[in-house]
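Working notes, beginning with the structure itself.
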Amino acid sequence: HLAFLGARKVNGVSALHGELMKQTVFRPLHQHFPDRITAITNGVTPRRWLLDCNPELARLASEALGDTRWVTDLERLEGLAAHADDPAFRERFAAIKQASKARVAAFVARRHDLQLGGEALFDVQIKRIHEYKRQLLNILEAVASYAEMLDRPGADWRPRVKIFAGKAAPSYLRAKLIIKLVNDVAAVVNQAPEAKGRLQILFLPNYNVSLAEILIPGADLSEQISTAGMEAS
């Protein structure tokens with residue numbers, strides 16, 4: 001409340017969250033200061049994560065849509081739905097994804113001397129290490145998958161590479177323990193003959209935007225598993 005009273009503007013970032021603040025958390029204050037809550041986003045998402053670091057996919061989108069107006073009006077990407085059953089479009093889309101995955105594999109091989117299976121599903125969770133973002137739940141799921149592989153060695157498993165990365169506050173002990181657990185589980189699973197060609201786990205250090213620009217285009221599955229109701233993910 002003090003922060004609200006002391007601020008010139010209160011930014012909900014997205015239109016949705018700006019409206020939610022007006023209706024819930026700051027409803028009484030909003031009635032007194034109806035012009036204070038705003039919703040301004042920096043618009044970096046389409047430019048950084050598609051146009052800039054995934055140029056081949058951006059080119060495909062522009063060609064399919066007939067122009068580049070989607071860059072500043074992201075809702076125009078809905079027009080790609082009309083191409084979902086076009087074999088030529090799907091073939092190019094798949095080729096672009098495979099090239100992005102090869103870029104991830106080359107980076108991991110160069111920096112960490114680990115060979116990734118290019119045909120595996122790349123399962124990626126790259127967020128701040130935090131209990132409510134539930135990296136712990138994700139690595140426990142990996143442990144459960146590994147245990148099932150030990151129980152059913154003859155089963156037909158879809159190969160999967162689980163990639164973790166993210167920063168945490170230096171004093172956040174629980175986050176450090178979660179990072180240690182991910183690395184300890186990876187040390188066991190990546191050496192296990194029962195998991196060979198089926199499951200790989202890695203935690204990539206020094207997470208930053210440059211690393212994200214490599215990982216995001218190559219992700220088959222982007223894990224967004226924050227506790228329900230806790231954030232926009």
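Side notes on the structure shown:
- For segment 1-28, the candidate set comprises residues that are surrounded by 12 or more Cβ atoms within 10 Å (Cβ to Cβ), under 26 Å from the mean Cα position of the chain (by Cα) and not small (Gly, Ala, Ser); within that set, the residue that is nearest to Ile40 (Cα to Cα) is Val13.
Per-residue answers, yes or no, for (1) within 29 Å of Ala94 (Cβ to Cβ); (2) modelled with pLDDT under 95; (3) small (Gly, Ala, Ser):
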{"position": "Ser145", "(1), (2), (3)": "yes, no, yes"}
{"position": "Asp156", "(1), (2), (3)": "yes, yes, no"}
{"position": "Lys180", "(1), (2), (3)": "no, no, no"}
{"position": "Gln200", "(1), (2), (3)": "yes, no, no"}
{"position": "Asn206", "(1), (2), (3)": "no, yes, no"}
{"position": "Ser210", "(1), (2), (3)": "yes, yes, yes"}
{"position": "Glu223", "(1), (2), (3)": "yes, yes, no"}
{"position": "Ala228", "(1), (2), (3)": "no, yes, yes"}
{"position": "Glu231", "(1), (2), (3)": "no, yes, no"}
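- Scanning segment 122-181 for residues that are part of a helix (DSSP H, G or I), open to solvent by less than 70 Å² (accessible area, probe 1.4 Å) and of a type outside the set (A, V, I, L, M, F, W, C) gives Tyr132, Lys133, Gln135, Asn138, Ser145, Tyr146.
- Sub-7 Å Cβ pairs linking a first residue in segment 67-96 that is touching a residue at least 40 places away in the same chain (Cβ under 8 Å) to a second residue that is surrounded by 10 or more Cβ atoms within 10 Å (Cβ to Cβ), at least 6 apart or interchain, are Ile96/Glu56; Ile96/Leu57; Ile96/Leu60, ordered by first then second residue.
- Only one entry of Ala58, Ala64 meets the criterion of being touching a His at 6+ places or on another chain (Cβ under 6 Å) and either in a helix (DSSP H, G or I) or crowded, with 17+ Cβ neighbours inside 10 Å (or both), and that entry is Ala64.
The values are calculated or read from the model by the stated rules, or taken from the named source; none is laboratory data. Here the structure is a predicted model, which means the values were calculated and not measured. Ideal geometry is used to build each Cβ from the backbone, glycine not excepted, and the neighbour counts take in all protein chains shown. When the accessible area is computed, the model is the full protein with side chains, heavy atoms only, and any ligands, DNA or RNA have been set aside. Shrake-Rupley method; radii C 1.70, N 1.55, O 1.52, S 1.80 Å.
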